[in-house]
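See structure below.
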Amino acid sequence: MSGSSSGNETVEYIQHHLTNLCVGDCDPVTHKAAGFWALHLDTVFFSVALGVLMIVVSARLGRNLVTGTPGGFQNFVEMIIDFVSGQVKDTFPGHNPMIAPLALTIFVWVWLMNFMDLIPVDLLPLIASGVLGIEYLKVVPTTDLNTTMAMSLTVFALIIYYNIKVKGVGGYLKMFVFHPFGKFFIPVNIVMSTIEELAKPLSLGLRLFGNLFAGELVFLLIALIGGTMAVGLGALIWFPLQVVLDLGWLIFHLLVITLQAFIFMVLTIVYLAMAHTEDH
Amino acid sequence: MSEQKGPGLLLIGVGTMLTSMTVAGFGLGLFVDYWLDTQPLFMLIFGGLGIVGGIIKVHGLLSKLG
């Protein structure tokens, strides 16, 4: 195997794993979205499936709640609910019955979508290609910018809604006119405030996407150690190295996925809390 | 307590705030440029404002630490 062909295989392997199952307006060569009406079927499938899983498990648990001495899973779920509820109480001024359920949904859903990153990178794509004949499959919805930006834009829509609901249209627009430099720099204030508002969904979506995409890429690179370098006796060295690195990154990444879900949830609560306060 | 913890938690996102405001500034400028056909005037102006705004925002958030 020459060096350049090995390099090409490596690039192909990574590109293949980072390509979504695109339907609709997609490029026939690169299989990337080529227009607005392109649908990443794998992203939609896995995100909806995980959402349904969350609903079904919650509904089942809700029907079988035990008072007194609850079982292990109920204890675990109560611990998560207490944690999220505590965060909302500490951060959110006043009372809005939608915030805590929203925060809990975001935290659990984002965590579940992130968790797909810990499934061995080749497992589901191999099953999909072997059993269903699906050529491309990207299993982590949060490594698709469409998912993270869709979530952050939904949060952004809620921010605008609550800003207008609490402050009124006039109050919300006043915030753009007089913040941050006062009444003598109105054009600059409008631009600066607009940029500041636009930065909220951008930072939310890009942070989650960037962290998870990078994490996925590291898993792919570790998988390549065993995949392309392990030939003959070399496998005796490279395979154990791959196992050790994979385990190490998996443990570290478990922290990353939890942290990223937590950050998305906390910043959503903080932004919505800011929308509920009269001052900017 | 509730008044202090909320803004304090914004520090979680302080790292990406500067980059996000810069990107948002350039993006907004690009949009206005396409709209008014004035490339690259507003992209540069709004991009600069995004950088300045980001620095002010980050400085404001970090100042609360001290």
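The values are calculated or read from the model by the stated rules, or taken from the named source; none is laboratory data. In this text, all values refer to a predicted model and were calculated from it rather than measured experimentally. So basically every Cβ, Gly included, is an ideal-geometry build from the backbone, and we count neighbours across all protein chains shown. Calculation scope for accessible area: heavy atoms of the full protein, side chains included, ligands and nucleic acids excluded. Shrake-Rupley method; radii C 1.70, N 1.55, O 1.52, S 1.80 Å.
Would you say A:Ala128 is within 14 Å of chain B (Cβ to nearest Cβ), surrounded by 17 or more Cβ atoms within 10 Å (Cβ to Cβ) and without any contact (Cβ under 8 Å) to a residue 12 or more places away in the chain?
no
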Across region A:51-65, what is the number of residues that are open to solvent by less than 70 Å² (accessible area, probe 1.4 Å), among the hydrophobic types (A, V, I, L, M, F, W, C) and in contact with a helix residue (DSSP H, G or I) (Cβ under 8 Å, 6 or more places away or on another chain)?
2
Whether any residue in region A:220-237 is open to solvent by 20 Å² or more (accessible area, probe 1.4 Å) and modelled with pLDDT of 90 or more is what I want to check.
yes
Find the residue count for region A:63-109, including only residues that are of a type in the set (Asp, Glu) and within 14 Å of chain B (Cβ to nearest Cβ).
1
Looking at A:Phe107, A:Phe176, which one is in contact (Cβ under 8 Å) with a residue 12 or more places away in the chain, closer than 24 Å to B:Gly60 by Cα and open to solvent by less than 60 Å² (accessible area, probe 1.4 Å)?
A:Phe176
How many residues does region A:181-194 hold that are at the interface with another protein chain (Cβ under 10 Å from one of its Cβ atoms) and under 14 Å from B:Gly25 (Cβ atoms)?
5
How many residues are closer than 30 Å to A:Thr43 by Cα and either outside any helix (DSSP H, G or I) or open to solvent by less than 50 Å² (accessible area, probe 1.4 Å) (or both) if we restrict to region A:142-173?
13
Would you say A:Asn189 is under 14 Å from the mean Cα position of the chain (by Cα), in a helix (DSSP H, G or I) and surrounded by fewer than 20 Cβ atoms within 10 Å (Cβ to Cβ)?
no
A:Ala275 vs. criteria among the small types (Gly, Ala, Ser), open to solvent by less than 10 Å² (accessible area, probe 1.4 Å) and within 16 Å of the chain's Cα centre (by Cα)
no
Quick check on my filter: what residues within region A:19-50 are closer than 27 Å to A:Leu112 by Cα, open to solvent by less than 70 Å² (accessible area, probe 1.4 Å) and of a type in the set (D, E, K, R)?
A:Asp42
Which of the residues spanning region A:31-68 are modelled with pLDDT under 90 and within 24 Å of the chain's Cα centre (by Cα)?
A:His31, A:Lys32, A:Ala33, A:Ala34, A:Gly35, A:Phe36
Exception for A:Ile251 within (1) hydrophobic (A, V, I, L, M, F, W, C); (2) open to solvent by less than 50 Å² (accessible area, probe 1.4 Å); (3) more than 10 Å from every other protein chain (Cβ to nearest Cβ) falls at (2)
